[in-house]
Amino acid sequence: MANGRPGGDAGLELDQEKYDAAENVKIICLGDSAVGKSKLMERFLLDGFQPQQLSTFALTLYKHAATVDGKTVLVDFWDTAGQERFHSLHPSYYHKAHACIMVFDVQRKVTYKNLSNWYKELREFRPEIPCVVVANKIDADMKMTQKSFSFARKLNLPFYFVSAADGTNVVKLFSDAIKLAVAYKQNAGDFMDEVLEELENVELEKKGGDLSDKEEDGPEEKPPST
Amino acid sequence: MAFVAKKCGIQLQPPSIILIYEDRLKNNVRKRIMPVRNFSKFSDCSRAAEQLKNNPRHKTYLEGISMEQLQKLHWLLRGHLEGQSLTQSLEQIQLKETIDPEENLNKLDDKELAKRKKIMDELFEKNRKKKDDPDFVYNVEVEFPQDEELESCGWDADSDDEF
């Protein structure tokens with residue numbers, strides 16, 4: 001599980017080990033089809049984006065270099081490229097993520113209702129990472145910004161009204177998400193995740209899977225990153 | 001391209017698609033009447049539109065006309081055969097081109113999803129501030145306080161108590 005490495009397929013850059021390095025963070029986008037996840041990415045990155053389509057994984061990667069507290073951070077944004085339609089995402093999507101941006105469409109109730117499913121799935125894999133909730137497409141109906149949405153408040157998650165079309169709060173949202181991801185990583189506070197990883201290792205050993213393979217493939221224990 | 005489409009419309013009797021186009025070579029404007037054959041109120045409009053667009057005799061003339069437009073014109077023709085007024089038919093078309101907010105788009109196949117996205121993209125493009133617009137601002141920050149006094153969106157009411 002949570003093993004997204006593409007076997008011998010070298011051309012694909014899906015090396016998730018790099019997310020252990022101090023300067024790399026991984027931020028994932030979640031939400032229903034057509035809520036505007038890719039459009040938000042594109043608005044934030046403007047021409048600076050060169051998305052990589054990894055169609056084998058139904059995944060689009062956007063790379064971005066940000067500066068947080070004077071240090072350069074290399075951010076990989078993961079976008080689902082339609083795999084949300086299979087109702088749950090491959091575990092490797094969540095693997096090693098440092099923050100999550102969860103999006104719904106203020107014009108479509110069903111996308112709001114589905115947030116709870118996305119959130120549930122997120123927490124199965126990443127119990128502790130920061131998560132922000134985004135109400136997109138406010139340009140279509142500004143009245144929605146005068147309404148209360150209790151999903152984020154109940155869970156104590158940051159909440160943003162944004163528009164990928166006119167740009168409202170897009171940059172703020174992404175800068176905050178990057179800061180949260182970096183802070184999370186620095187505090188290396190995801191004790192739960194470490195425990196889960198331990199459990200996975202134990203399970204792998206129990207199953208007595210191909211040991212020679214495990215050498216290369218298994219999630220190795222590492223000292224906490226410095 | 002030699003033929004530049006200017007306008008496209010319909011003729012109800014016999015059901016036909018009319019194209020006004022400019023012939024660049026001869027430098028004149030002409031009208032072309034393309035009868036829609038074997039068309040009834042039971043016909044599949046998207047297939048009929050496709051057939052017309054790929055018709056060897058018409059296709060060079062129709063290059064500038066989108067499938068969507070041809071399909072719409074066929075809907076109008078069919079509406080007439082069903083005995084609808086033009087206003088009724090137009091309303092129905094409008095309805096087909098709006099998003100049903102209750103529909104779960106996760107459950108659609110690629111083609112249907114692409115259709116919905118196209119409809120949404122129209123509004124997106126309309127409201128879009130582009131990088132090259134003179135009044136473009138990269139970082140637009142607007143505060144929308146979420147205090148408890150606000151009226152509820154009405155979407156939280158049922159069944160969300162687990163959170």
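The values are calculated or read from the model by the stated rules, or taken from the named source; none is laboratory data. Computed from a predicted structure; not experimentally measured. Cβ atoms come from the backbone with ideal geometry, glycine included; neighbour counts cover every protein chain shown. Each accessible area value is taken on the protein alone, full model and side chains, heavy atoms only, with ligands, DNA and RNA left out. Shrake-Rupley method; radii C 1.70, N 1.55, O 1.52, S 1.80 Å.
Over the range A:42-191, accessible surface divided per residue gives 38 Å², non-protein components excluded, 1.4 Å probe. Each label point was placed 7 Å from the Cα along the Cα-to-Cβ direction; for residue B:86 and residue B:100 their separation is 3.0 nm. Would you work out if the range A:131-191 is rounded, prolate or oblate? Take a ≥ b ≥ c from the square roots of the eigenvalues of the alpha-carbon gyration tensor; rounded if a/c is under 1.5, else prolate when a/b is larger than b/c, oblate otherwise. Verdict is oblate for the range A:131-191.
Accessible area buried by the pairing of A and B, both sides summed with a 1.4 Å probe, works out to roughly 4100 Å².
Give the range of the longest stretch in chain B that excludes all GluC sites (Glu not before Pro) found in loop regions by DSSP and having at most 15 other beta-carbon atoms within 10 Å. It works out to B:1-62.
Per residue, what accessible area does the range B:3-127 have, given a 1.4 Å probe and all protein chains present, in Å²?
It amounts to 65 Å² per residue over the range B:3-127.
Listed cross-link partners A:63/A:185; B:96/B:118; A:37/A:63; A:26/B:118 are compared with a 22 Å cut-off, the Cα-Cα value being larger for A:26/B:118.
Of the residues making up the range A:143-159, those losing 10 Å² or more of accessible area when the isolated chain is joined by the remaining protein chains, with a 1.4 Å probe, are A:144, A:145, A:146, A:147, A:148, A:149, A:150, A:151, A:153, A:154, A:155, A:159. Can you give me the Cα centroid spacing of the range B:119-144 and the range B:41-112 in angstrom? Rounded to whole Å, the Cα centres lie 30 Å apart.
Take residue B:69, project a point 7 Å from its Cα along the Cβ direction, then tell me which residues of the range B:14-38 have their backbone nitrogen under 14 Å from it. Once the point is set 7 Å along Cα→Cβ of residue B:69, B:17-22, B:32 turn out to lie under 14 Å by backbone N, inside the range B:14-38.
The calculated FRET efficiency for residue A:17 paired with residue A:157, based on their beta-carbon distance and R0 = 25 Å, is about 0.30.
For chain B, set up a Gaussian network in which alpha carbons nearer than 10 Å are linked by springs, and say which option among B:115, B:107, B:41 fluctuates the most. Looking only at B:115, B:107, B:41, the largest GNM fluctuation is found for B:107. Karplus-derived 3J(HN,Hα) values for the range B:40-57, using 6.51 cos²θ - 1.76 cosθ + 1.60 with θ = phi - 60°, are 9, 6, 9, 5, 8, 5, 6, 5, 4, 5, 5, 4, 5, 5, 9, 4, x, 7 Hz; glycine and proline are entered as x.
Projected label points at residue B:60 and residue A:45, each 7 Å from Cα along the beta carbon direction, are separated by 4.4 nanometres. Close amide-amide hydrogen proximity is noted between residue A:30 and A:101, A:102, A:103, each under 5 Å apart and 5 or more residues distant or on a separate chain (H modeled in the peptide plane; Pro and chain starts excluded). Could you sort the residues of the range B:85-107 by number and keep only those whose accessible area is reduced by 20 Å² or more in the all-protein-chain setting relative to the chain alone, 1.4 Å probe? Buried by the other chains: B:101, B:102, B:104, B:105, B:106. Of the accessible area of the range B:3-127, computed with a 1.4 Å probe over protein heavy atoms only, carbon and sulfur atoms account for 50 percent. Taking chymotrypsin sites (Phe, Trp or Tyr not before Pro) across the range B:1-93, the ones in a DSSP loop with at most 13 further Cβ atoms lying within 10 angstrom of their Cβ are B:42. Across the range A:98-108, coupling constants 3J(HN,Hα) worked out from phi with the 6.51/-1.76/1.60 Karplus curve, θ = phi - 60°, read 10, 6, 9, 10, 10, 10, 10, 9, 5, 8, 10 Hz, and Gly and Pro carry x. At 222 nm, what value in deg cm²/dmol follows for chain B if DSSP H runs of at least 4 each add -39500 (n - 2.57) and the sum is divided by all its residues, to the nearest 500? For chain B, the value works out to -10500 deg cm²/dmol. Which of rounded, prolate or oblate describes the range B:35-133 when judged by the alpha-carbon gyration tensor and an a/c cut-off of 1.5? In terms of gyration-tensor shape, prolate. Relative contact order for the range B:3-127: 18 percent, from Cα pairs under 8 Å spaced at least 6 residues apart, divided by residue count.
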